[in-house]
Number of protein chains: 4
Amino acid sequence: MDYEKIVTEMAAVIPTLENCGKVASYIPELGGIDAEKFGLHLTTVGNQNYGLGDAGERFSIQSISKVMALVLAFELEEEALWQRVGVEPSGTHFNSLVQLEYEKGVPRNPFINAGALVVCDILVSRLKQPKQQFLEFVRGIAGNQEIDYCQRVAESEKSTGFKNAAMINLMKSYGNIHNDIDTVLDLYFNLCSIEMSCRELAQQFLFLAANGVDPLSGRAVISPGKSKRLNAIMQLCGFYDEAGEFAYRVGLPGKSGVGGGIIAIHPGNYSIAVWSPRLNAKGNSYRGIRILEFLTTRTTSSIF
Amino acid sequence: MDYEKIVTEMAAVIPTLENCGKVASYIPELGGIDAEKFGLHLTTVGNQNYGLGDAGERFSIQSISKVMALVLAFELEEEALWQRVGVEPSGTHFNSLVQLEYEKGVPRNPFINAGALVVCDILVSRLKQPKQQFLEFVRGIAGNQEIDYCQRVAESEKSTGFKNAAMINLMKSYGNIHNDIDTVLDLYFNLCSIEMSCRELAQQFLFLAANGVDPLSGRAVISPGKSKRLNAIMQLCGFYDEAGEFAYRVGLPGKSGVGGGIIAIHPGNYSIAVWSPRLNAKGNSYRGIRILEFLTTRTTSSIF
Amino acid sequence: MDYEKIVTEMAAVIPTLENCGKVASYIPELGGIDAEKFGLHLTTVGNQNYGLGDAGERFSIQSISKVMALVLAFELEEEALWQRVGVEPSGTHFNSLVQLEYEKGVPRNPFINAGALVVCDILVSRLKQPKQQFLEFVRGIAGNQEIDYCQRVAESEKSTGFKNAAMINLMKSYGNIHNDIDTVLDLYFNLCSIEMSCRELAQQFLFLAANGVDPLSGRAVISPGKSKRLNAIMQLCGFYDEAGEFAYRVGLPGKSGVGGGIIAIHPGNYSIAVWSPRLNAKGNSYRGIRILEFLTTRTTSSIF
Amino acid sequence: MDYEKIVTEMAAVIPTLENCGKVASYIPELGGIDAEKFGLHLTTVGNQNYGLGDAGERFSIQSISKVMALVLAFELEEEALWQRVGVEPSGTHFNSLVQLEYEKGVPRNPFINAGALVVCDILVSRLKQPKQQFLEFVRGIAGNQEIDYCQRVAESEKSTGFKNAAMINLMKSYGNIHNDIDTVLDLYFNLCSIEMSCRELAQQFLFLAANGVDPLSGRAVISPGKSKRLNAIMQLCGFYDEAGEFAYRVGLPGKSGVGGGIIAIHPGNYSIAVWSPRLNAKGNSYRGIRILEFLTTRTTSSIF
């Protein structure tokens, strides 16, 4: 694939894309973002880098950090993990308690909020200083000590996070949360508050395009088999109840956040991060999906 | 990939696989099958062919034919199609009316029964002799005039198909079925009754591994973009509420049938059909999934 | 209670009642009714009669006839009846298939459509000429040979009744329908088409106010114990998902129909029928409930 | 009704009743109860009293106190009350979050846990010292200063009450809880912990059999209209998803608790309390329902 060419084409297309949808506004820290922001960064497994727009500006990555939490939990507790959380698409809205109740406290997958809370519970069980150690894990892969939680965002989420509190209490009633609820919620709200730029995200997740090995540092973050499985989970569950639509239109494994960010992986080839704060009705970045659809359609390069 | 080698390894592994689960028995024609049958056939885009066991024996392909029905409907009525059926995983058991009612008669995807009924309704609207023309479409791609419906199976399905009748009536109450209910059901039960062997299936679906072009005849069955989209739908929706598990373990787009068959696609490389009649709790071939998991794990060759 | 006085008060109040809501219009025969019609008839167990407005005009009693169907089935097959249908409020909209699927084809109660279809199935099993014999049963209690089905209404219902067809097929898939689907649906659509006036309705149901004995003829229609149980079922399930609201506001057992009719019973005292075609959002007569609320509030005479 | 005679008959029948079901055991304080306990007390509006068995022994009345909480909230905040909680039967298990989510945080009725939590929230808003003032309200009607919370039970409930915490958090996410969650939960767990005997219960609730006026003290606890409405709500919603069965078999408004107690009202005639700790599958006292069914069947004296 001629990356130079397609990135140039994308640069030309971006200004023509409609910018629909609404910026997430349930906390003031997200609602105050400039809705016209747009960043994109593509990193190839051969370490070619292509950035566009606000690719260097940090934003709240929100649920994208659930992938990193899963990577770490997958390393720490492979066996019990899949007894406590599934790998199936949820089929319902990302915050739904309905399925959680019908399925007795076992979340459908690790990327819906309930599933990420179970992942956090595992991290709390396994790590002495979970907040600090998770941050070091992220910084280590990124090779960047500046990446950090945003305290204001974490506090804001906590003060409005009654639905997450409902879910973790429900799971605890079924025995699927082992630690103190407030400790787990604190980790959860913190990891959602991490701020990174598109460039940092693309480089952070490059190991999933390279069989688990970070091509920049040569570090094996995770085994090839696990890398494939993580991509499979992202493909099936990475976009809430729009996963099928994303696979149909874009055809890459990926994960979105309500901050307007998306990370997507082309195994063997590249990782790409986009950022555009307006969200569609399903809670995913409107322009982010459009530009990724342009990318894979124009180059006929979805994984399918 | 050294196909010779991996097929030889699979041949050695098959006898060691547990053969759990139950043969589908809601109609006598399926229940009477020898539960120990096992067939496998892999065809590469370069037309190398590898068969094992009962690869040449025909069996009831059941829901696998929903893929061919979708291919034909996708060609005939691209625009209206996706207003009438979604591309999202169902999140619930394949026969469920619950979601159909909540979502006002629009099925989640074309591979659950309700979705396939809508696809059949489109074929009835668009074709003068839908049963005959669908069969010719299948035979044409297969290059094989012997492929046929099984009248006994179709009749048996019809006489017990009250849940399908419930679903089509429910959808008609929402205006999402345009034709006479009995005509649509007749087409549906017939296409589920088609009998093919693993060899025939692998060759039939090879165009989905080759950007829509059948490598054997050179015929463009469908455009490259549609071929990718069909694979995406199979990846997300091809295994009922076990789609995530199949992606996690096997990592190939595919489709199963309650006759114990599975077709899977490795885009750019090969198609593979397996047949083993015992089904797991989710209604998919128990040994079929196991041998495909062995294939992609052993060769680290899932699409992810 | 001074019936004379309260009926006079009601006559004064009726013109002041708001007439909100919509006339049922899913079949032309119902949609064509004059929305301003209003009838009321109260019959005491001592055979005092008080009529107001259009009390003598026949209208489509619709679901009210489900009570008579249950009375007959209760006599014919007491034992099996309550294995096949429950006595609990549905908690969801009257046409819902959701609960029917979760509860494996056993309807919540005999007054939702699904439950009435099971009752009809019992009548078809037990009676040689179910349509004729049911009509004779109704006529016998009414002492009126003119009461009849309306063929046009029955045909109209049949041609649009896809949701009922969905439900009966779903129940048959669970084994809870024993007879041919079309035969049962034919009985069902016919009994919903019966036409009666408020006067005829009040007199028809008077036996439920008198421990099962029709005070006019002295005929024991049903035992005292069964009479109480039928009133209990009407109290809990007679107004779809507005049963609680009706108990709270009116406090009498009763049953409504989408034709705008309501029958209500004050055990030991009287039966009352009202008719006003506009329906509230729950499908019950808007003014009908208002005037009954006036009656029991003004006289502090609910059963509670 | 000859109370002397029927109570004598009941005394003879009790030893012959099967004692099925299980004692509630989710907290040790309930699980430790002698499963063979049986008490019954009937008080007529004319202040005749009939006790049997352990009628004088106090037990944990649990959800029965939700009726008293509703009585108090109904007095304090009639208007807003019914915007925040419905009067419809739940149709699902008493702890379900499903309906709560579908209906955006508005509980079906004040007797399911979620509804009682809203009632407690109202008490916290309206009362300066809600725990103390609620207790005084109960003691005042009972004319008995000894009635009290059981601290051990309240603490035990609190330490295992994750499902209640899930529900109140979910409702708060919809804006239907106005006060601090822990304060509301504390009141809720305390009022469920009240201990009373059958005699005390029957006398406490006698005002609901007498149009809101306590016949013993002459005190008007609540207006006649409200008294009828409270009875209606008990009839429709007092026994979780067994309300219909209770109306069918017993035919009295009432309320049960997981401690094995039941209070039932015959408006105009009597109140009756029974206690037998083994619960049926729906969470209601097994023998309690049986003896009440005997009472109303034997005397043909249900309210219907």
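The values are calculated or read from the model by the stated rules, or taken from the named source; none is laboratory data. Given the structure is predicted, the values throughout are model-derived calculations rather than measurements. We place every Cβ from the backbone using ideal geometry, glycine too, and count neighbours over all the protein chains shown.
The table below lists the values:
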{"read-out": "Test for A:LEU230: is it under 24 Å from A:LYS131 (Cα atoms), crowded, with 24+ Cβ neighbours inside 10 Å and out of contact with any Pro (no Cβ under 9 Å at 6 or more places or on another chain)", "value": "no"}
{"read-out": "Residue count, the stretch A:1-24 (criterion: of a type in the set (Gly, Ala, Ser) and farther than 15 Å from A:SER285 by Cβ)", "value": "2"}
{"read-out": "Answer residue from the stretch C:219-229, given it is in contact with a strand residue (DSSP E or B) (Cβ under 9 Å, 6 or more places away or on another chain) and within 9 Å of chain D (Cβ to nearest Cβ) and is nearest to C:LEU70 (Cα to Cα) among those", "value": "C:SER227"}
{"read-out": "Where A:ILE289 falls short, out of the listed (1) within 11 Å of another protein chain (Cβ to nearest Cβ); (2) among the aliphatic types (A, V, I, L, M); (3) assigned to a helix (DSSP H, G or I)", "value": "(1)"}
{"read-out": "Test: B:TYR248 is within 12 Å of chain A (Cβ to nearest Cβ) and modelled with pLDDT under 95", "value": "no"}
{"read-out": "Conditions (1) closer than 24 Å to C:SER256 by Cβ; (2) within 14 Å of chain D (Cβ to nearest Cβ); (3) of a type in the set (A, V, I, L, M): number failed by C:VAL213", "value": "(1)"}
{"read-out": "The stretch D:107-130, residues that are under 18 Å from D:ASP241 (Cβ atoms) and assigned to a loop (DSSP other than H, G, I, E, B)", "value": "D:PRO107, D:ARG108, D:ASN109, D:PRO110, D:PHE111, D:ILE112"}
{"read-out": "Which listed residue, of A:LYS104, A:LYS158, is modelled with pLDDT under 95, closer than 26 Å to A:ALA243 by Cα, of a type in the set (D, E, K, R) and touching a Phe, Trp or Tyr at 6+ places or on another chain (Cβ under 6 Å)", "value": "A:LYS104"}
{"read-out": "Residue match in the stretch A:76-90 (condition: of a type in the set (Lys, Arg), out of contact with any strand residue (DSSP E or B) (no Cβ under 8 Å at 6 or more places or on another chain) and modelled with pLDDT under 95)", "value": "no"}
{"read-out": "Subset tally (residues that are of a type in the set (Phe, Trp, Tyr) and in contact (Cβ under 8 Å) with a residue 40 or more places away in the chain) for the stretch D:161-182", "value": "1"}
{"read-out": "Qualifying residue in the stretch B:53-63 (condition: out of contact with any Gly (no Cβ under 8 Å at 6 or more places or on another chain), among the aliphatic types (A, V, I, L, M) and surrounded by 22 or more Cβ atoms within 10 Å (Cβ to Cβ))", "value": "no"}
{"read-out": "Unique residue being in contact with a strand residue (DSSP E or B) (Cβ under 7 Å, 6 or more places away or on another chain) and either β-branched (Val, Ile, Thr) or away from chain C (no Cβ under 14 Å) (or both) when the list is B:VAL153, B:VAL138", "value": "B:VAL153"}
{"read-out": "Residue satisfying condition, being among the small types (Gly, Ala, Ser) and under 15 Å from A:LEU40 (Cα atoms), within set A:GLY251, A:GLY268, A:GLY260", "value": "A:GLY260"}
{"read-out": "D:PHE189 vs. criteria more than 25 Å from D:GLN48 (Cα to Cα) and free of Cβ contacts under 8 Å to residues at least 40 places away in the same chain", "value": "yes"}
{"read-out": "From C:GLU75, C:GLU88, C:GLU79, residue being at negative phi, assigned to a loop (DSSP other than H, G, I, E, B) and among the charged types (D, E, K, R)", "value": "C:GLU88"}
{"read-out": "Selection within the stretch C:259-269 - of a type outside the set (Gly, Ala, Ser) and surrounded by 24 or more Cβ atoms within 10 Å (Cβ to Cβ)", "value": "C:ILE262, C:ILE263, C:ILE265, C:HIS266"}
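Yes/no per residue for (1) of a type in the set (Val, Ile, Thr); (2) assigned to a helix (DSSP H, G or I); (3) within 14 Å of chain B (Cβ to nearest Cβ); (4) under 18 Å from the mean Cα position of the chain (by Cα):
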residue: A:PHE207; (1), (2), (3), (4): no, yes, yes, yes
residue: A:SER217; (1), (2), (3), (4): no, no, no, no
residue: A:ALA232; (1), (2), (3), (4): no, yes, yes, yes
residue: A:LEU236; (1), (2), (3), (4): no, yes, yes, yes
residue: A:ALA243; (1), (2), (3), (4): no, yes, yes, yes
residue: A:VAL258; (1), (2), (3), (4): yes, no, no, yes
residue: A:ILE265; (1), (2), (3), (4): yes, no, yes, yes
residue: A:LYS282; (1), (2), (3), (4): no, no, yes, yes
residue: A:PHE304; (1), (2), (3), (4): no, no, yes, no
